[in-house]
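*Asks:* Structure in structure tokens, see below.
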Amino acid sequence: MSADQTEAADICCASCGIAELDDIKLMECDACDLVHYCSDICQREHQPQHEAACKERAAELRDEILFRQPESTHLGDCPICFLPLQLDLEKSSMQSCCSKVVCKGCSYADYLRQLEERLGRVCPFCRHPTPTTQEEANKNKMKRVEKNDPVAIREIGKKHYHKGGYDTAFEYWTKAAELGNASAHYNLSHLYRKGEGVEKDEKKGWYHLEEAAIAGHPDARYNLACHETRNKRFDRAVKHFIIAANLGHDESIQQLKKCYKYGDVSKDDFAAALRAHQAAVDATKSPQREAAKDNA
């Protein structure tokens, strides 16, 4: 028997005990990685014995994902200068023609170039003519929606939400979330917890908030930290604050200062968070962005 066959033979159905060999293939439990089954029948029969351990392990696996430090915020980088986008949404703008979010530094630099060369106004990224009316911008967004662009879908959902069309907003944000948009998850969390456009469901609300946080949404992470604080789970709250602070989130670093004052975070962890926060903020700076700020 080969080494692979020996290893496979060690994996047995948790219900009937049959080993995984040759044509017998076992499947993992749907929720955890603790046990295997040879059939749906065995899984159902074993569920009462496995349920407690399964829930505990599933929670551990979820936490491994939840408390993993994202490489960047959900906003990502400016597609022109490739520097991280600032968390202040006023310092960048979404282009209706291509749904790219461009920092104000690059937009301003491109504006100066167009003035100097006496060119017509175009998108700084894709060079599509800049819309002159809101109606034209909305048409551009709808074209992107037809292409299944999650950013455009999220934006159309936002427009409906602000007009009181919660049901329609829910539909758009659900689709955008399915396509991986973190902000759509964040917005869905609000709808579920408030019961706007959908039946109120706290569990689903927190799920979508977690999904947004996992994708690098600092405000979602901050809200989770505040939720854990209200429930006296300070160790989990501190983890959330640190992750958000590492992404440059100002409110989280302020909360960590309070946590340090009350002894909820160690000196070393607090110092590391301060350095990471400053590094994240510094990474978003550039001469072009400073120029745009000075000429706003």
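*Asks:* Using heavy-atom solvent-accessible surface (probe 1.4 Å) with all chains present, what is the largest-first order of Thr132, Thr168?
*Replies:* Numbers: Thr132 120, Thr168 50 Å².
Greatest to least solvent exposure: Thr132, Thr168.
*Asks:* Grab the DSSP H runs of the chain that are 4 residues or longer, score each as -39,500 (n - 2.57), total them, divide by all residues and round the 222 nm result to the nearest 500 deg cm²/dmol.
*Replies:* Working: 13 runs with 174 residues, N = 296.
Calculated mean residue ellipticity at 222 nm is -19000 deg cm²/dmol.
*Asks:* Convex hull over the Cα atoms of the chain, averaged projected area in nm²? Intermediate results must be reported in sequence, preceding the final value.
*Replies:* On the way: hull surface 89.6 nm².
Seen from a random direction, the Cα hull of the chain projects 22.4 nm² on average.
*Asks:* Kindly work out what percent of the DSSP beta bridges joining two residues of the chain are antiparallel, to the nearest 5. Numbers along the way, then the final one.
*Replies:* Values: 8 of 9 bridges.
Antiparallel: roughly 90 percent of the beta bridges in the chain.
*Asks:* In whole Hz, with x marking every Gly and Pro, tabulate ³J(HN,Hα) for region 162-174 from phi via Karplus 6.51 cos²θ - 1.76 cosθ + 1.60, θ = phi - 60°.
*Replies:* 5, 8, x, x, 5, 4, 5, 4, 4, 5, 5, 5, 5
*Asks:* For region 102-201, build the charge dipole from Cβ charges (+1 Lys, Arg; -1 Asp, Glu) around the Cα centre, then report which of Pro124, Gly197, Gly180 sits farthest towards its positive end.
*Replies:* Pro124
*Asks:* A further question follows. Assuming 0.36 nm per residue, please report the length gained on full extension of the stretch Cys226 to Lys203 beyond their Cα-Cα distance.
*Replies:* Numbers: separation 23, 0.36 × 23 = 8.28 nm, distance 1.63 nm.
Stretched out fully, the Cys226 to Lys203 stretch lengthens by 6.6 nm.
*Asks:* If you average the C-alpha positions of region 87-141 and of region 226-243 separately, how far apart do those two centres end up, in angstrom?
*Replies:* 39
*Asks:* OK, next. If the chain between Lys91 and Lys267 were fully stretched, how many nm would it gain, using 0.36 nm times the residue separation less the Cα-Cα distance?
*Replies:* Numbers: separation 176, 0.36 × 176 = 63.36 nm, distance 3.32 nm.
So the chain would gain 60.0 nm between Lys91 and Lys267.
*Asks:* Treat each spin label as a single point 7 Å out from the Cα along the C-beta direction, and report the Cys81 to Ala58 distance in nm.
*Replies:* For the pair Cys81/Ala58, the computed spacing is 4.6 nm.
*Asks:* In the P(r) worked out for region 1-131, what percent of Cα pairs fall beyond 17 Å? Before the final figure, lay out the partial values.
*Replies:* Working: 6099 of 8515 pairs.
Result: 72 percent of Cα pairs exceed 17 Å.
*Asks:* Sticking with this structure for a sec: What residue among Lys158, Lys257, Lys25 has the largest mean-square fluctuation in a Gaussian network model of the chain, using Cα springs under 10 Å?
*Replies:* Looking only at Lys158, Lys257, Lys25, the largest GNM fluctuation is found for Lys25.
*Asks:* How far is it, in nm, from the label point at Arg121 to the one at Glu178 when both lie 7 Å from their Cα along the line to the Cβ?
*Replies:* Those two pseudo-labels are separated by 3.6 nm.
*Asks:* Right, here's the next one. Measure nothing fancy, just the Cα-based angle from helix 267-282's long axis to the longest principal axis of the chain, in degrees from 0 to 90, nearest 10.
*Replies:* Tilt of helix 267-282: around 40 degrees.
*Asks:* What Rg and what Dmax come out for region 46-100 when only alpha-carbon atoms are used, in angstroms?
*Replies:* Expressed in Å, the Cα Rg and Dmax of region 46-100 come to 20.0, 56.
*Asks:* Under the 0.36 nm per residue contour assumption, what length would be gained going from the current alpha-carbon distance of Lys159 and Lys293 to full extension? Can you show the working numbers first?
*Replies:* Working: separation 134, 0.36 × 134 = 48.24 nm, distance 2.74 nm.
That works out to 45.5 nm of additional length.
*Asks:* Could you sort out which of Lys100/Lys159; Lys200/Lys239; Lys203/Lys257; Lys163/Lys204; Lys104/Lys293 sit more than 20 Å apart by Cα distance in this structure? Display every interim value, and only then the final one.
*Replies:* Numbers: Lys100/Lys159 18 Å; Lys200/Lys239 28 Å; Lys203/Lys257 30 Å; Lys163/Lys204 24 Å; Lys104/Lys293 8 Å.
From the list (Lys100/Lys159; Lys200/Lys239; Lys203/Lys257; Lys163/Lys204; Lys104/Lys293), the Cα-Cα distance tops 20 Å for Lys200/Lys239; Lys203/Lys257; Lys163/Lys204.
*Asks:* Report the dimensions of region 161-233 along its three principal axes from the alpha-carbon atoms, largest first, rounded to Å.
*Replies:* Cα spread of region 161-233 along its principal axes, largest to smallest: 36, 23, 19 Å.
*Asks:* Quick one: helix 182-194 against the long Cα principal axis of the chain, what's the angle to the nearest 10°, folded into 0 to 90?
*Replies:* 70
*Asks:* Let me ask something additional. To the nearest 0.05, how large is the calculated FRET efficiency for Lys258 and Ser72 if R₀ is 22 Å and r is the Cβ-Cβ distance?
*Replies:* For R0 = 22 Å, the calculated efficiency reads 0.25.
*Asks:* Another question about this same structure. Quote the charge dipole size of the chain about the Cα centre in Debye, to the nearest 20; the model charges only the Cβ of Lys and Arg (+1) and of Asp and Glu (-1).
*Replies:* 1860
*Asks:* Let me ask something additional. Just the accessible area for Ser266, please: 1.4 Å probe, Å², rounded to the nearest 10?
*Replies:* 50
*Asks:* Pick out which of Lys194, Lys175, Lys55 has the largest mean-square fluctuation in a Gaussian network model of the chain, springs linking Cα atoms closer than 10 Å.
*Replies:* Lys55
*Asks:* Springs between alpha-carbon atoms under 10 Å, Gaussian network over the chain: tell me which of His160, His277, His217 tops the mean-square fluctuations.
*Replies:* His160
The values are calculated or read from the model by the stated rules, or taken from the named source; none is laboratory data. Small disclaimer: the values here were computed from a predicted structure and weren't measured. Here Cβ is always computed from backbone atoms with ideal geometry, including for glycine, and neighbour counts include all displayed protein chains. Each accessible area value is taken on the protein alone, full model and side chains, heavy atoms only, with ligands, DNA and RNA left out. Shrake-Rupley method; radii C 1.70, N 1.55, O 1.52, S 1.80 Å.
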